[in-house]
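The block underneath contains the structure these notes are about, expressed in structure tokens.
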Amino acid sequence: MRILVVEDEHRIANTIKKGLEQERYAVDVAYDGTHGFDLASTEEYDVVILDRMLPGLDGMAIVKRLRNESIHTPILMLTAKSQIEDKVEGLDSGADDYLTKPFSFEELLARIRALARRPKHTTKAILSVGDVSLDSKSYEVKRAGTHIPLSSRQFGLLEYLMRNANQILSKDQIITHVWNYDADILPNTVEVYIKALRNKIDRPFKNKKPLIHTVRGFGYKIYV
């Protein structure tokens with residue numbers, strides 16, 4: 001597995017690199033955002049570990065540029081910010097997961113494994129609910145003809161909701177089907193991802209009915 005670490009604090013970057021190499025991963029390191037973006041956009045990686053605050057381009061800008069260029073490499077964002085609003089902002093930018101500093105190396109490894117085990121190819125079916133369409137081959141999502149960029153995890157969540165349209169899905173069901181079995185996911189993590197998905201699917205379309213609904217005490221469902 002090949003991993004890119006983009007982190008401007010040399011001590012942290014080199015510690016991560018050394019630890020991952022001991023786990024037999026191939027690791028590249030960039031110490032600024034510009035170099036990190038260049039590597040992430042031109043080389044093939046299984047996972048990108050990306051610090052949020054970087055010189056040159058910050059982590060948020062890097063993620064947005066990569067997603068706009070249809071580069072869907074799983075991205076784990078590192079940050080010292082731990083408020084839920086910061087997490088939502090990071091996920092909205094297109095990151096797949098979010099790890100707050102300081103963190104244990106064991107947790108970092110578990111999250112890398114979870115991201116790397118995501119299937120790279122899904123069925124070719126084009127799903128639709130109302131005016132939202134999802135192409136599971138091209139990873140393209142549109143609402144009312146408008147392209148909506150999603151992170152890999154957001155895409156997986158939306159796909160699961162759409163494949164089970166009009167059905168109530170509990171948080172446990174969502175965790176089981178969208179995350180891998182060894183991922184350390186809490187129920188409120190699902191809330192964070194649902195909110196991030198709503199910020200892209202529902203809230204920008206103020207003249208449209210919301211599609212993602214909370215069923216209090218039970219879970220979530222998508223319907224027209």
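Projecting the Cα atoms of 186, 207, 173 onto the charge dipole of segment 164-224, computed from C-beta unit charges around the Cα centre, puts 207 farthest toward the positive end.
Taking amide hydrogens as placed 1.01 Å from N in the peptide plane, the amide H of residue 77 sits under 5 Å from those of 50, 96, 97, 98, 99, each at least 5 positions away in sequence or on another chain.
Once both labels are positioned 7 Å from their Cα atoms along Cα-to-Cβ, the gap between residue 137 and residue 85 label points is 4.3 nm. When the chain is modelled as a GNM with alpha-carbon springs shorter than 10 Å, which of 198, 163, 52 fluctuates the most? Its mean-square fluctuation being the largest, the pick is 163.
Under 5 Å between amide hydrogens, built in the peptide plane, is the criterion, and for residue 169 it picks out 220, 221 among residues at least 5 positions away or on other chains. Note on segment 126-222: Kirkwood radius taken over Cα pairs, Stokes-Einstein applied at 20 °C and 1.002 mPa s, translational D equal to 157 µm² s⁻¹. In percent, rounded to a whole number, the relative contact order of segment 126-222 is 26, using alpha-carbon pairs under 8 Å and six or more apart. Under the simplified labelling scheme, the residue 41-residue 65 pair shows an inter-label distance of 0.4 nm, with each label point 7 Å from Cα along Cα→Cβ. Secondary structure note: in the chain, about 45% of the DSSP beta bridges are antiparallel. At an R0 of 35 angstrom, the distance between the Cβ atoms of residue 24 and residue 224 translates into a FRET efficiency of 0.15.
In percent, rounded to a whole number, the relative contact order of the chain is 15, using alpha-carbon pairs under 8 Å and six or more apart. Simple point charges give the picture: +1 on the Cβ of Lys and Arg, -1 on the Cβ of Asp and Glu, and for the chain a dipole about the Cα centre of about 1080 debye. Divide the volume of the convex hull around the Cα atoms of segment 2-116 by the residue count and you get 87 Å³ per residue.
A DSSP coil position with no more than 12 other Cβ atoms inside 10 Å describes the following chymotrypsin sites (Phe, Trp or Tyr not before Pro) in segment 150-224: 181, 218.
In terms of overall dimensions, the C-alpha atoms belonging to the chain reach 50, 33, 33 Å along their principal axes, ordered largest to smallest.
Straightening the chain between residue 147 and residue 116 buys 8.6 nm, computed as 0.36 nm per residue apart minus the Cα-Cα spacing.
Label-to-label distance, residue 1 versus residue 105, with points set 7 angstrom from Cα along the beta-carbon direction: 1.5 nm.
Bear in mind that the values in this text are calculations on the coordinates, not laboratory data. Source: prediction; values computed, not measured. For neighbour counting, all protein chains shown are included, and Cβ atoms are generated from backbone atoms with ideal geometry for every residue, glycine included.
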